[in-house]
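The values are calculated or read from the model by the stated rules, or taken from the named source; none is laboratory data. None of these values were measured; they are calculated from a predicted model. All Cβ positions, glycine included, derive from the backbone under ideal geometry; neighbour counts span all protein chains shown. With ligands, DNA and RNA removed, areas are computed over all heavy atoms of the protein, side chains included. Shrake-Rupley method; radii C 1.70, N 1.55, O 1.52, S 1.80 Å.
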Amino acid sequence: AEEFIARRSLGLFERPWLDRMLALTPPGRVLDLGCGAGRPIAAYMARQGRSVEGIDASEALLAAAAEALPDQTWRCADMRSWSPETPGAGVIAWHSLFHLRPAEQAALLTRIGGWLVPGGVLMFTSGGNAGETLGDWSGAPLYHASLDPDGYRAALAAGGLAVSAHVRD
């Protein structure tokens, strides 16, 4: 966790995407899947007046998130089996879904539609092509996988969601 926090850019290069999401999202709580230490994404959402419920499998990262943003909600859970108690206005999965196997991503995406209030928005990052690969992070293997765009559309549609925008690369 310490190394991840030290290496995670806080420069908020994601800001244009976050602003786009927030402009489309009704008022209410944002669920952050794979929130890590809560910075910079959950912190930005909170600065924009949103409450955040962050979900991550790392207790150490969540402890850092709770220290940095004590007024938000942090849950240690596996996003593949977790479900919120009440729907949120938005769900963000920035650099997290693609660490799941393709079938796990599809299954999760079909469930997320039920996590959103009417008009709620999901934004996530993915690879551009179907496949699996192992990268490297600090000398350890790091798994990445993606569906193809049609596979993502099908999973989202099965969950009652429609694609409003898809931006490649």
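Filtering segment 144-169 to residues that are aliphatic (A, V, I, L, M), assigned to a helix (DSSP H, G or I) and either touching a Gly at 6+ places or on another chain (Cβ under 7 Å) or without any contact (Cβ under 8 Å) to a residue 12 or more places away in the chain (or both) leaves only ALA157.
Among the residues of segment 79-89, is any buried (at least 17 other Cβ atoms within 10 Å of the Cβ), in contact with a strand residue (DSSP E or B) (Cβ under 9 Å, 6 or more places away or on another chain) and either at pLDDT below 95 or under 21 Å from ARG8 (Cβ atoms) (or both)? Within segment 79-89, one or more residues are buried (at least 17 other Cβ atoms within 10 Å of the Cβ), in contact with a strand residue (DSSP E or B) (Cβ under 9 Å, 6 or more places away or on another chain) and either at pLDDT below 95 or under 21 Å from ARG8 (Cβ atoms) (or both). Anything in segment 44-59 that is of a type in the set (Asp, Glu) and assigned to a helix (DSSP H, G or I)? List them, or say none. Once the filter is applied, which keeps residues that are of a type in the set (Asp, Glu) and assigned to a helix (DSSP H, G or I), segment 44-59 yields only GLU59. Within the option set THR133, THR110, being on the phi < 0 side of the Ramachandran plot, outside any loop (DSSP other than H, G, I, E, B), free of Cβ contacts under 8 Å to residues at least 40 places away in the same chain and not hydrophobic (A, V, I, L, M, F, W, C) holds for one residue only, THR133. Listed conditions (1) part of a loop (DSSP other than H, G, I, E, B); (2) open to solvent by less than 10 Å² (accessible area, probe 1.4 Å) are all met by GLY28, apart from (2).
If the condition is being touching a Phe, Trp or Tyr at 6+ places or on another chain (Cβ under 7 Å) and without any contact (Cβ under 8 Å) to a residue 60 or more places away in the chain, then segment 16-36 contributes only GLY36. The single condition from (1) closer than 26 Å to ARG20 by Cβ; (2) acidic (Asp, Glu); (3) open to solvent by 70 Å² or more (accessible area, probe 1.4 Å) that ASP148 fails is (3).
Report yes if GLU132 is charged (D, E, K, R), more than 16 Å from the chain's Cα centre (by Cα) and within 30 Å of ALA6 (Cβ to Cβ), otherwise no. If you could, list the steps in order and put the result at the bottom.
Working: charged (D, E, K, R): yes; more than 16 Å from the chain's Cα centre (by Cα): yes; within 30 Å of ALA6 (Cβ to Cβ): yes.
It is true that GLU132 is charged (D, E, K, R), more than 16 Å from the chain's Cα centre (by Cα) and within 30 Å of ALA6 (Cβ to Cβ).
Return yes when ALA162 is open to solvent by 70 Å² or more (accessible area, probe 1.4 Å), within 30 Å of PRO27 (Cα to Cα) and modelled with pLDDT under 95 and no when it is not. In short, yes. The residue that is nearest to the chain's Cα centre (by Cα), among those in segment 44-65 that are surrounded by 19 or more Cβ atoms within 10 Å (Cβ to Cβ) and among the small types (Gly, Ala, Ser), is GLY54. Among the residues of segment 114-129, count how many are out of contact with any strand residue (DSSP E or B) (no Cβ under 6 Å at 6 or more places or on another chain) and modelled with pLDDT under 95. Number satisfying all stated conditions: 3.
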